[in-house]
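Just so you know, all these numbers are worked out from the coordinates, no wet-lab data involved. Only a predicted model underlies this, so the values are computations on that prediction, with no experimental measurement involved. Virtual Cβ from ideal backbone geometry, glycine too; neighbours counted across all protein chains shown.
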């Protein structure tokens, strides 16, 4: 449960009060999708930054991970998450479940390594199979198994042409990660399932 950066300019104080109530509900597993989008800038950057910080603080208060959107905002997102990870409430979880997920990762290897070391998961979508995705492709082989997730981001980021982006796209992502990491798709699936279970504090699903 969260306010996407595209829509934070539309939020009123009553919105924030309702978000606070919803985030505390035990059925809510994470605060998100939150973050920064300096590509479209559908909300002013300063409003995005303030809303991101506010929702990070909320996640710490309700002790839930964050699902982070980052588009053309790598440095600002990294700085915000590192500062949050060092805060008293979030730091207390350093040895516990992951602090959150870098959704549809598009940064570079240094960003991935820095945030993975602070307890964040790095989630790869289909662009990792594109030669143009230099940063994610460089990051993929360097991360420990405990830091990776796989996603589709459906319906966006599809295979192209008339092909749909659907759950089976995750198989393509896993296969490409396996190739980049010198392992098997089954090993990628097993690691991702275990990491998702740690994130949401549930029993790991079968790969």
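May I ask you to work out the translational diffusion coefficient for the chain at 25 °C, viscosity 0.890 mPa s, via Stokes-Einstein with Rh from the Kirkwood sum over Cα pairs, reported in whole µm²/s? Translational diffusion coefficient: 142 µm²/s.
Among 10-17, 52-59, sorting by the average number of other beta carbon atoms lying within 10 angstrom of each residue, highest first, gives 52-59, 10-17. For region 101-176, the pair-distance distribution built from all alpha carbon pairs, in bins 5 Å wide starting at 0, is 3, 19, 29, 25, 15, 7, 3, 0 percent.
Over region 45-200, Cα pairs under 8 Å with separation of 6+ residues give a relative contact order of 19 percent.
Counted over the chain, the DSSP beta bridges are approximately 5% antiparallel. Helix 45-62 axis versus longest C-alpha principal axis of the chain: approximately 90°, rounded to the nearest ten.
Over region 34-115, the pair-distance histogram of Cα-Cα distances with 5 Å bins from zero comes to 3, 15, 29, 26, 18, 8, 2, 0 percent, rounded to whole numbers.
Size descriptor for region 1-67, Kirkwood hydrodynamic radius: 11.8 Å (Cα pairs only, one decimal).
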